[in-house]
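S.K.: The structure is given below, and queries will be raised subsequently.
The values are calculated or read from the model by the stated rules, or taken from the named source; none is laboratory data. If you're wondering where the values come from, they're calculated on a predicted model, not measured in any experiment. All Cβ positions, even for glycine, are placed from backbone atoms using ideal geometry, and neighbour counts span all protein chains on display.
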Amino acid sequence: MTGDRLAREAAEWTLREWGQAARVVPLGDVRFRYHVRGRRVDGSRRNTGGSSSSSADEWVSAPLEQADGCAGALVALVVSAVLWVLLLAARAVWVVLRLGSRRLRRRTATVVGGPGQLGVRFADAANQRADVWLAWSGERMALLHVRPKWCEPLWVGESPRVERSLLRWPDGSRVRLPKGILGAANLSG
């Protein structure tokens, strides 16, 4: 199904549900980076209850805790040092790959707010599927999963204040979309 056909499906949904024309645009492969208390950068929830026995720090320090005697301690120290170097190397490779990917940076949206705020709920809904369309009018905004002959609303709410690529909700939460997404919108109707 072509992008024009999907845009028409989304536009027809807004006319049918809202009774007014709306702008529609595909979010495509936008990734959301969260700056929200209790969330990781990818939006998943942090484990706030107790410590996990699978953390990298505990895994690397385990040989030192189980060493017996001087020789055992020396071997454990060497093993721990090697594991730390491998862990740091893996983190360095991850950072280099992350910084080196221009395409990924261009397609990243930033989410700032508190748990449960409107902008965070908007981003959570957008993360449900990879092929999400954004529709908005002066009063309403929706995230739609568009398919032939139907649209599934993933999120519907009052339209936030739109400032270029920034969506700002009254509760203080905000989402900065990649540049050019909102400008590429088609007006339906």
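S.K.: Would you confirm whether or not the range 127-148 contains a residue that is among the basic types (Lys, Arg), within 19 Å of the chain's Cα centre (by Cα) and at negative phi? Quick ask: steps written out before the conclusion?
M.R.: The first filter runs over the range 127-148 and keeps only residues among the basic types (Lys, Arg), leaving 129, 140, 147.
Applying the additional criterion that residues be within 19 Å of the chain's Cα centre (by Cα) yields 129.
Subset that is at negative phi: 129.
For the range 127-148, residues among the basic types (Lys, Arg), within 19 Å of the chain's Cα centre (by Cα) and at negative phi: present.
S.K.: Go over the candidates GLY114, GLY157, GLY100 one by one and state the one that is farther than 18 Å from LEU27 by Cβ and at pLDDT 85 or above. Walk me through how you get there before you give the answer.
M.R.: Working: GLY157 fails: farther than 18 Å from LEU27 by Cβ; GLY100 fails: at pLDDT 85 or above.
None of the other options fit; the residue is GLY114.
S.K.: Can I ask one more? Find all pairs meeting these conditions: Cβ atoms under 6 angstrom apart; at least six residues apart or on different chains; first residue within the range 108-135 and free of Cβ contacts under 8 Å to residues at least 60 places away in the same chain; second residue part of a strand (DSSP E or B) and among the charged types (D, E, K, R).
M.R.: Final answer for the pair search is GLY119/ARG174.
S.K.: For the range 67-97, enumerate the residues that are modelled with pLDDT of 85 or more and aromatic (Phe, Trp, Tyr).
M.R.: The one that is modelled with pLDDT of 85 or more and aromatic (Phe, Trp, Tyr): TRP84.
S.K.: Note down all Cβ pairs under 7 Å where the first residue falls in the range 1-14 and is exposed (fewer than 15 other Cβ atoms within 10 Å of the Cβ), the second is at pLDDT 85 or above, and they're at least six residues apart or on different chains.
M.R.: The qualifying pairs are GLY3/PRO26.
S.K.: Inside the range 153-173, can you point out the residues that are charged (D, E, K, R), more than 11 Å from LEU118 (Cβ to Cβ) and part of a loop (DSSP other than H, G, I, E, B)?
M.R.: First pass over the range 153-173, keeping only residues charged (D, E, K, R): 158, 161, 163-164, 168, 171.
Subset that is more than 11 Å from LEU118 (Cβ to Cβ): 161, 163-164.
Selection gives ARG164 alone.
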